[in-house]
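Worksheet: the structure to be examined is printed underneath.
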Amino acid sequence: MRTFCRPYGQRRYNRLFLIAAEGSETEPGYFGLFDGKVVRVECLSESGKSAPVHVLKRMNAMINRVAMRAGDEAWLVVDKDHWSDEQLNELWQWSQLQQMQGQHTIKRGLAVSNPKFEYWLLLHFEDGSSPQSCSTRLRFHIPGYDKTISSSDFTDERIREAVRRASERDTPPCRDWPRTTGTTVYRLVESLLRPPAGTSA
């Protein structure tokens, strides 16, 4: 499990993304691909505590400990899977509240994959329209896939293709989370890829 252990007083990257995720291996591995490029990513996860309420508790605890600045973002990343609409709605309501730290407004977001995060990973390779399960299809592209993320599989080009495919499926954009097969993780990734304010793409 990755922990938030860097000294708070040291100079950091332009933007900080706090990501509280349901999974303790795949999601931290994936979002770690973005760390150190133009952003600093800290993925908060805990093995055995994947329910939405635990994801939200991890995020709230970290927000209370970390000094966030303008341009920083806080995201919850969960699967639709077997969680109820009531459970996901609690996260959605959190994402809609304005987060203020000092004079700054911190963006909050919720990224949900239906049925699970592997569907988002699959979109890096295909349009995700196969009737086979997303994990089965993912192993077709990554033989032996076991939740470990490799930068050689998830290249910059494939990441941008996944954003395109997911956004095309999310038309018109859902307000909260996809009720059928789909994912809003692309919205978080778009933010991760967006150049900091005041810079050119």
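Since every read-out is calculated from the coordinates, none of them should be taken as a lab result. All values reported here derive from a predicted model rather than from experimental measurement. Don't worry about glycine lacking a Cβ; one is built from the backbone with ideal geometry, like all the others, and counts go over all protein chains shown.
Only bridges with both residues in the chain count here: give the DSSP antiparallel percent, nearest 5.
Values: 5 of 24 bridges.
Percent antiparallel among DSSP bridges in the chain is about 20.
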Spacing of the two label points (7 Å from each Cα toward its C-beta) at Ser129 and Arg160, in nm: 2.3 nm
So if R0 is 25 Å, what FRET efficiency would Gln99 and Asp176 give, r being the distance between their Cβ atoms, rounded to the nearest 0.05? 0.90
Value of D in µm² per second that Stokes-Einstein yields for the stretch 15-193, Kirkwood Rh from Cα pairs, at 25 °C (0.890 mPa s): 149 µm²/s
Setting aside same-chain residues fewer than 8 positions from Lys80, which lysines have a Cα under 24 Å from its Cα? Lys49, Lys57, Lys107, Lys116, Lys147
For the stretch 15-193, averaging the sequence separation of alpha carbon pairs under 8 Å that lie six or more residues apart and dividing by its residue count, the contact order in percent is 22 percent
Taking R0 as 30 Å and r as the Cβ-Cβ distance between His82 and Glu168, the FRET efficiency 1/(1 + (r/R0)^6), rounded to the nearest 0.05, comes to 0.65
